[in-house]
Amino acid sequence: MPESRRLYVHIGLQKTGTTYLQAVMLANRDRLASQGMALVPPTKKEAFQLMLAVRDRYQPGHDPASVADALTRFESRLARSTAPRMLLSQESLSAARPPQVKRFLAACDAVEVHVVVTVRDLARSVPSAWQQDLKAGRTFAYRRYLRRLQAMEGNGAGGHPWIQLDPPAVLARWAAELPEGRIHVITVPPPGGPPAVLLERFCRVIDVDPAGLAHAETPSNTSLGWVQAEVLRRVNRELPDDLLRRQVYGGIGKRFFVGEVLGDQTSRKIRVPDRLRPWCEEVSSRQVAALQSAGYHVEGTLEDLRCADTAFADKVEKPREREVAGAAVTALARMLAMRVSEKRSPGPRLARTRAAVGRLRSLGR
């Protein structure tokens, strides 16, 4: 196996700039190819289907039949590719269990695998992780979610949702199956810096020149304010199970209701209660020490993982009922305006919106 044929597997973590990085890579396939880098699979949809196959999440009758043999197709693509370097980026691979990691790496036998993980400080990650859960249709209140995280971290449980906040545990699963030197940690810069810093760090790891890569208009993963997150949580609580299925909710909940309706509203940021600062700082220190002792290649600095003061608040008050009601009314008004816009100028995107609104309307029947 020629050492120059490398596969970089970017496994997340979630909410660490993955959407931004994936958008840049997908928008620059030709430029990457000119530098000897190929995206395998070549689309976001196929990468998602591969993740479903790897993590045994294929649901016949609900998922496309192409998910069933996604890992086999991926293995064939790796063997056929003539590119010296290849990239797979799918943030939910970070939650793969040890047997799934082993099976995935067995399918990559034709190449030299390097695992890349992007990480950011715990205090910023916790509110984002809660939002990510809501965007998957879950209904945990924020305070209950925080108690759950503390309990999982305290008893060593490595399942959802804590695994997305525990980079040493994630990397240990992959490092156990790889030779030394194949794990790369990229730290997300502190808040306030340009996104290009994260891109530059990522490109240094995968041996790509970022100069000339188009990324000014790449999409981001919508972040909700405190009030809008509470609206989403309550809506999720009222949805029937059929609409909470992953295959349905991703379109009507995450992409439509969050991305096109609630995402335009603004309200105060979700922060971590100041009473949890000692816990966050203690866990962060342990994680930094674990990453240092593991000897992984670090791009950036592990000091980026120290919790910033701005991530905490003295009092984290629940949204007032009038705030939630106001945001809900604003959301309904926007949905009606979108419906009128569809009728006046229908198009492919608006047709998808029409279908999503139709699903939501059916709830009232």
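The values are calculated or read from the model by the stated rules, or taken from the named source; none is laboratory data. Please read these numbers as outputs of a predicted model, since none were measured by experiment. Cβ placement follows ideal geometry from the backbone for every residue including glycine, while neighbour counts extend to all protein chains displayed.
Of all residues in segment 30-88, which are part of a helix (DSSP H, G or I) and of a type in the set (F, W, Y)?
Within segment 30-88, the first condition is being part of a helix (DSSP H, G or I), and the residues that meet it are 30-34, 44-54, 65-67, 70-80.
Residues satisfying the conditions are F48, F74.
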- Item | Matching residues, segment 74-95, being buried (at least 16 other Cβ atoms within 10 Å of the Cβ) and either under 19 Å from the mean Cα position of the chain (by Cα) or without any contact (Cβ under 8 Å) to a residue 12 or more places away in the chain (or both) | L87, L88, S89, Q90, E91, S92, L93, S94, A95
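Considering only residues that are in contact (Cβ under 8 Å) with a residue 24 or more places away in the chain and in a helix (DSSP H, G or I), look in segment 269-285 and name the one that is surrounded by the most Cβ atoms within 10 Å (Cβ to Cβ).
Of the residues in segment 269-285, the ones in contact (Cβ under 8 Å) with a residue 24 or more places away in the chain are 269-274, 276-277, 279-281, 283-284.
Of the ones still in play, those that are also in a helix (DSSP H, G or I) are 274, 276-277, 279-281, 283-284.
Details: D274: 13, L276: 19, R277: 15, W279: 16, C280: 22, E281: 16, V283: 20, S284: 18.
Per the stated criteria, the residue is C280.
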- Count - residues of segment 211-236 that are at pLDDT 95 or above, surrounded by fewer than 21 Cβ atoms within 10 Å (Cβ to Cβ) and either within 17 Å of T118 (Cα to Cα) or aliphatic (A, V, I, L, M) (or both): 1
- Is there a residue being touching a Lys or Arg at 6+ places or on another chain (Cβ under 7 Å) and either part of a helix (DSSP H, G or I) or basic (K, R) (or both) anywhere in segment 289-303? no
- Message: Anything in segment 304-323 that is within 19 Å of V126 (Cβ to Cβ) and exposed (fewer than 11 other Cβ atoms within 10 Å of the Cβ)? List them, or say none.
- Response: D309, D314, K315, E317
- Message: For segment 108-127, give me each residue that is in contact with a Lys or Arg (Cβ under 8 Å, 6 or more places away or on another chain) and over 30 Å from S285 (Cβ atoms).
- Response: A110, V111, E112, V113
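Name the residue, out of R124, R147, R182, R143, that is basic (K, R) and within 27 Å of F104 (Cα to Cα). First the steps, then the outcome.
Values: R124 fails: within 27 Å of F104 (Cα to Cα); R147 fails: within 27 Å of F104 (Cα to Cα); R143 fails: within 27 Å of F104 (Cα to Cα).
None of the other options fit; the residue is R182.
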